[in-house]
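Student: Have a look at this one.
Throughout, read-outs are computed from the coordinates displayed, never taken from laboratory work. Model, not experiment: these values are computed from the prediction. Glycine gets a Cβ as well: all are built from the backbone with ideal geometry, and neighbour counts include every protein chain shown.
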Amino acid sequence: MGVNIMPGANSRCKKGAPLQDGSGATALVLSVVPVYKRDMRCFARLCFLLFCFLAATAADGRTRPLDFTTIRLGGKEPVVLIVGGIQGDEPGGFSAATLVATRYAVKNGAVWVVPNLNFPSIIMRSRGLNGDMNRKFAALDARDPDFSAVSRIQELIRHPQVKLVLNLHDGSGYYREEKIDALRNPLRWGQSVIIDQERMDGGVFMAELGREARQVTEDVNSRLVQSLHKLHVHNTNTAAGDREMEKSLSWYAVRHGKAAFGLEASKEFPVELRVYYHLCMVESLLRQAGIDFFRDFDLTPESIRQVLQADIEVSFAEKRVFLPLDNARPAIGALPLPQNSAPVTSKPIMAVLPCRKNNEALCIHYGNRTLTRIRPDWREMDDSLSEVRVTVDGREKLIRFGEVLPVAESLLVHRIQGFRVNVIGFPGRSDDDSGVTLRRQNFLKHYSVDRQGTLYRVEVYNKRRLAGMFLARFGAPAQAAGRRDRLPAVPGPESALGF
């Protein structure tokens, strides 16, 4: 059966445009030629990429391939455009851009954020499934799979209100003007502010690129976690003949009269530390651009780690089915889902896609990680009911579908004429669990949504039709032993795909 797959609630997909805009299927032709043994690995990779393409686009007529999202904060110009995820294996950049898009507010000026420019490559933890996208801004064949995305981000860069462009990257090692050792030398890119030239023509907003970049390094170097992390300005002098940088997004912006900076955090760091330095650099440049902003978390690596792991959610059927995924089990079985409901994710770097090894299941991705695998139980919907009456810890109340109900001791779902209640994990003796007092010790822990065994599904049906679902969270969530995974730096299952 088909399922509608969408990358997120805010994705922009234009009707009537090429496949990369989400218009539908196009022909993909492979020439079959004799393959020598030494080429078998390349051939296998090509076949795998074809499988990924088909899995992402072949569910039903409304299915869209992954596309980037533009999130606009603030109001009038000057507009600062922040781009993350141009290379899919650099989670510091796209995670930092995601936090700006979701946890910042702008009071003066405007910030436009594209946190997931090369979204398919982010999901596959690949630098670029179709080659390095950051080398496609000088000239690009219209047949290139990235043509649509590159053309549309170029259009956004050229927008008259955009005055400053920031391209967020994770780079290897630590850039230094002179070689110190293997990690600290001129061939490394990490911990640097990239400029293409010292200054631009007069009249361009923030035209003194070198001066602005040196101000960034001064600001950030006053907030270093370790002295090794010191930031430096890296002037590529692109116009002097750097053929590779001539193909980059930042040089494209400069050629079109926009101040542009590449911001590089070191790949030697865990993601929360990369994001810390990215945000320090971004905030310095926003202040220089006259943008007033605030965020709802402390700018520390520990606080960043916490907010990266918070509010990871997906919902279906207008939130009648809702899952918080902060600490989800690796597999969730028999989840009732309507066939034609697009999933809505809480973050622009999340996606719900058919799983690679079993396209009957749905994998929920967060950046480079696969959070969980869902085995859907496809159902028709009954929209006649939106809430149910419960008694929780001795108090009667109404609970709407899609909500999470805290339960300290006990829960009872009142009987509903014409409907039945199925509490997942409760070993009841009938097919209707309404009217029964439920306590945490009654549940089979391995049926919980979360790893701690506190969160359980309460599903309501009219015969076989799903009315909706709410979640019961018993007790205070237990603390996981030891340090939790850093998101999304720790490789998920997709890291085994060979990229």
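Student: If the reach is capped at under 19 angstrom between alpha carbons, list the lysines near LYS347, excluding any in the same chain fewer than eight residues apart.
Tutor: Hits, sequence-local ones excluded: LYS319.
Student: Something else about it: Sorting LYS76, LYS163, LYS445 on the 10 Å Cβ count, fewest up front, what's the list?
Tutor: Numbers: LYS76 9, LYS163 21, LYS445 13.
Exposure proxy ranking, most exposed first: LYS76, LYS445, LYS163.
Student: Per 10 Å bin, what percent of the C-alpha pairs of segment 371-449 does each bin hold, from zero upward?
Tutor: Reading upward from the zero bin: 15, 47, 34, 4.
Student: I've got another one for you. Would you mind classifying segment 71-308 by shape? Square roots of the alpha carbon gyration tensor eigenvalues, ordered a ≥ b ≥ c; an a/c under 1.5 is rounded, otherwise it is prolate if a/b is larger than b/c and oblate if not.
Tutor: Working: a/c = 1.17, a/b = 1.07, b/c = 1.09.
In terms of gyration-tensor shape, rounded.
Student: Sticking with this one: What FRET efficiency comes out for LEU228 versus ASP132 if R0 is 25 angstrom and r is the Cβ-Cβ distance? Round to the nearest 0.05.
Tutor: Values: r = 28 Å, r/R0 = 1.12.
With R0 = 25 Å, the Cβ-Cβ based efficiency is 0.35.
Student: Can you check what the net charge comes to around LEU168, using other residues whose Cβ is under 11 Å from the Cβ of LEU168 (Lys, Arg +1; Asp, Glu -1)? Intermediate results must be reported in sequence, preceding the final value.
Tutor: Working: positive: ARG274; negative: GLU90, ASP170, GLU264.
That works out to -2.
Student: May I pose another question? What would the Debye equation give as log₁₀ I(q)/I(0) for segment 152-211 at q = 0.23, 0.29 Å⁻¹, counting only Cα atoms as equal point scatterers?
Tutor: So the normalised log intensities are -0.97, -1.15.
Student: Same structure, new question: How many lysine pairs does segment 71-308 hold where the Cα atoms are under 12 Å apart and the two sit 8 or more places apart or on different chains?
Tutor: Details: LYS76/LYS107; LYS76/LYS163; LYS136/LYS247; LYS163/LYS258.
So the count of such lysine pairs works out to 4.
Student: Once you sort the root eigenvalues of the Cα gyration tensor of segment 361-406 as a ≥ b ≥ c, which label holds: rounded (a/c under 1.5), prolate (a/b larger than b/c) or oblate (the other case)? Write out the running numbers ahead of the final one.
Tutor: Working: a/c = 3.56, a/b = 1.75, b/c = 2.03.
Oblate.
Student: How much length is gained on full extension from ALA310 to GLU360, taking 0.36 nm per residue of separation minus their Cα-Cα distance?
Tutor: Numbers: separation 50, 0.36 × 50 = 18.00 nm, distance 2.83 nm.
Taking ALA310 through GLU360 to full extension adds about 15.2 nm, to one decimal.
Student: Among 99-105, 200-206, 87-93, how do they line up from the highest to the lowest mean number of other beta-carbon atoms within 10 Å? Let's see the in-between values first.
Tutor: On the way: 99-105: 20.4, 200-206: 13.3, 87-93: 25.7.
Most protected by this proxy first, the peptides run 87-93, 99-105, 200-206.
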